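*Asks:* Quick one: this structure, given as structure tokens, is what I'll be asking you about.
The values are calculated or read from the model by the stated rules, or taken from the named source; none is laboratory data. Values in this document were obtained by computation on a predicted structure and should not be read as measured data. Don't worry about glycine lacking a Cβ; one is built from the backbone with ideal geometry, like all the others, and counts go over all protein chains shown.
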Amino acid sequence: MPATEMLLSAAATVPTLNYIISAAIIVAAIAVVLLIVFKLGKFLLKIIFGILANSILGIVALFLLNFLFNLGIPISVSLVIPIAIFGLPGLGTIILLKLLGISLAAASTQ
């Protein structure tokens with residue numbers, strides 16, 4: 001193979017400037033998207049963990065307070081759902097309703 005043909009075939013495989021710029025833009029775009037997804041994922045994970053922890057604390061506190069202080073709060077699905085959704089504030093609302101004399105019997109399954 002003559003030297004000029006080798007130079008021409010080697011020149012054909014060298015990436016052009018447009019190709020390099022396009023590749024750099026694609027790599028930069030992928031990096032930005034990954035950074036956004038990572039930051040958003042970390043934020044969402046923190047929120048989800050906080051909600052789960054609050055819900056679990058509320059349900060555990062319901063059982064403990066009912067057992068230790070004999071509050072007489074009926075443990076039913078219709079009372080556990082608000083506590084699971086709102087956590088400790090939901091439990092506080094249910095205890096406050098009980099202390100104010102508002103009947104929770106409609107929510108219990110007797």
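*Asks:* Could you check the range 70-83 and list, in sequence order, the residues that are in a helix (DSSP H, G or I) and in contact (Cβ under 8 Å) with a residue 24 or more places away in the chain?
*Replies:* Once the filter is applied, which keeps residues that are in a helix (DSSP H, G or I) and in contact (Cβ under 8 Å) with a residue 24 or more places away in the chain, the range 70-83 yields Val77, Ser78, Leu79, Ile83.
*Asks:* Of the numbered conditions (1) assigned to a helix (DSSP H, G or I); (2) in contact (Cβ under 8 Å) with a residue 24 or more places away in the chain; (3) exposed (fewer than 10 other Cβ atoms within 10 Å of the Cβ), Phe67 fails exactly one; give the number of that condition.
*Replies:* Checking Phe67 against (1) assigned to a helix (DSSP H, G or I); (2) in contact (Cβ under 8 Å) with a residue 24 or more places away in the chain; (3) exposed (fewer than 10 other Cβ atoms within 10 Å of the Cβ), the one that fails is (2).
*Asks:* Also: Taking the options Ser108, Ser9, Ser103, name whichever one is in contact with a helix residue (DSSP H, G or I) (Cβ under 9 Å, 6 or more places away or on another chain), loosely packed, with under 11 Cβ neighbours inside 10 Å and modelled with pLDDT under 85.
*Replies:* Step by step, each of Ser108, Ser9, Ser103 is checked, and only Ser103 is in contact with a helix residue (DSSP H, G or I) (Cβ under 9 Å, 6 or more places away or on another chain), loosely packed, with under 11 Cβ neighbours inside 10 Å and modelled with pLDDT under 85.
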